[in-house]
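Just so you know, all these numbers are worked out from the coordinates, no wet-lab data involved. The structure presented is a predicted model; accordingly, all values stated were derived computationally and were not measured. Here the Cβ positions follow ideal geometry from the backbone for every residue, glycine too, while neighbour counts run over all protein chains shown.
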Amino acid sequence: MAKAKAKKSQGGAKSTARRSKRKVAAKPKARARPRVSKPARRDAGAPLPSYAALPVRAGAPPGAAWGVFGDDDEVGTINLLTPERVREAARLVRSGKVFALNLPINVPDPPLFTRGRHQHHIKQFAEFDFVLDDYLDNFYPQASSQWDALCHVKHPLLGAYNGIPDREITGRGGTRLGIDNLARRGIAGRGVLADLARYHERHGKSIDHARSEIIPLEDLEATLAEQRVKLTPGTILLIRTGWLQFYLSASAHLKEELARETTVPGIEGTARTARFFWDHHLAAVAADSPALENLPKAADEQDLLHFHLLALFGMPIGEMWNLEALAADCVTDKRYEFFLTSAPLNIPGGVGSPPNALAIK
Ligand code: UVW
């Protein structure tokens, strides 16, 4: 992860308060005492506070949605995928076309960001040679198409989502904020594609996909406007930057270079992009690029979308999703919205997973 300085916490995370359960004394004829209940969870379909109104929890840092979905929450903005919104999104299925958005697990090859190559073994059962099993060694669930779980990146000074302390997070003695939370819940809702790559082509703008080029927020806004598609609360936004198309046709030499030193373009990683995502009340954002934002950051860029989205909002980030066939279909029928489902692997305390996402039009 790129070096980043960050503002000092103005409050610091508070650990989750747990209420002690009181026993109701069993006295005859005594009136039953009201039960001590957990703090009320907000209705996930109710209007959310604006970015400017964050935080809502006393002591939480500015721009943090800690407590918005409850003090014990571990799925963040995925809460916005309410049954009503899922039903509404299912109505977007018209042609019945299904687009599977995972790359093969051995792409990119070699993997980026120092992740390892897995080895795939096929095993024949000794007594039943007509039965095969397989297993993977050295499998990095984030080496290919992936979700970043909320525990993937914490803010270096402010901590992890919802103020959950390090000792309760994977690898440090606990399993909170893991991908298993998303796997148990399941992800389904309205997906919207922003085809920035085609927008850039139409406007004669070229992106150098081998550099840490910044794609300004205005390009994303203009793409959505040209596509005439709106971001509604609970939308899962898919951003096609053109990186995957570039990578798939790159030479073996360039792929080796990118694996040695991963330099990737992406959407600008600033508080104003974070504000845009929050104020549109997105459930999640995924891209065809390795980090959603550009990496590494220049010395004068001090912000990371990973901090805002994962640590401050609880908004999962998807990376290296294969949006190619979906985008080709969207440009043909001019429909950039669809029903989206995703079933990440249920890895207890896992930091990421292939998304196993399907866009259904
Ligand atoms: C890193 O932060 C290196 O990983 P990712 O971009 O996959 O989240």
Helix-only estimate, please: 222 nm mean residue ellipticity of the chain, summing -39500 (n - 2.57) across DSSP H runs of length 4 or more and dividing by its residues, to the nearest 500. -5000 deg cm²/dmol
Taking the Cα centre of the range 170-222 as origin, sum charge times position over the Cβ atoms of Lys and Arg (+1) and Asp and Glu (-1), and report the length of that vector in debye to the nearest 20. 460
For residue 123, the aspartates and glutamates lying under 20 Å Cα to Cα, once residues fewer than eight places off in the same chain are dropped, come out as 133, 134, 137
Sorted by Cβ density within 10 Å, fewest first, the residues 243, 321: 243, 321
For the chain, the percent of all C-alpha pairs falling in each 20 Å bin, from 0 up to the bin holding the max distance, is 28, 56, 14, 2, 0
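Quick one: length gained pulling residue 184 to residue 100 fully straight, 0.36 nm per residue minus the C-alpha distance?
Extending this stretch completely gives an extra 28.2 nm.
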quick shape note, the range 64-188: Cα extents on principal axes in Å, largest first -> 54, 45, 31
Scanning the chain for helices, which whole DSSP H stretches are 15 Å or more long along the axis (Cα) and average -0.5 or more by Kyte-Doolittle? 217-227
Select from 183, 289, 209 the residue farthest towards the positive end of the dipole of the range 163-291; place +1 on Cβ of Lys and Arg, -1 on Cβ of Asp and Glu, and compute about the Cα centre. 183
At 7 Å along Cα-to-Cβ for each site, give me the label-to-label distance between residue 90 and residue 58 in nm. 4.3
Going toward the positive end of the dipole of the chain, with +1 on Lys and Arg Cβ and -1 on Asp and Glu Cβ, which of 48, 158, 193 do you reach last? 48
Name the aspartates and glutamates eligible as straight-distance cross-link partners of residue 334: C-alpha to C-alpha under 12 Å, and not fewer than 8 places from it in the same chain. 195, 226
Can you give me the long-range amide H partners of residue 70? Hydrogens built in the peptide plane at 1.01 Å from N, cutoff under 5 Å, separation of 5 or more residues or another chain. 42
So if I place +1 on the C-beta of Lys and Arg and -1 on the C-beta of Asp and Glu, and nothing else carries charge, what would the dipole magnitude of the range 180-270 be about its Cα centre? I want it in debye, nearest 20. 480
Name the residue farthest towards the positive end of the dipole of the chain from the options 113, 342, 322, assuming +1 on Cβ of Lys and Arg, -1 on Cβ of Asp and Glu, about the Cα centre. 342
Dipole magnitude of the range 70-170 about its Cα centre (Cβ charges: Lys, Arg +1; Asp, Glu -1), debye to nearest 20: 600
Please tell me the relative contact order of the chain in percent, rounded to the nearest whole number, where contacts are Cα pairs under 8 Å and at least six residues apart. 28
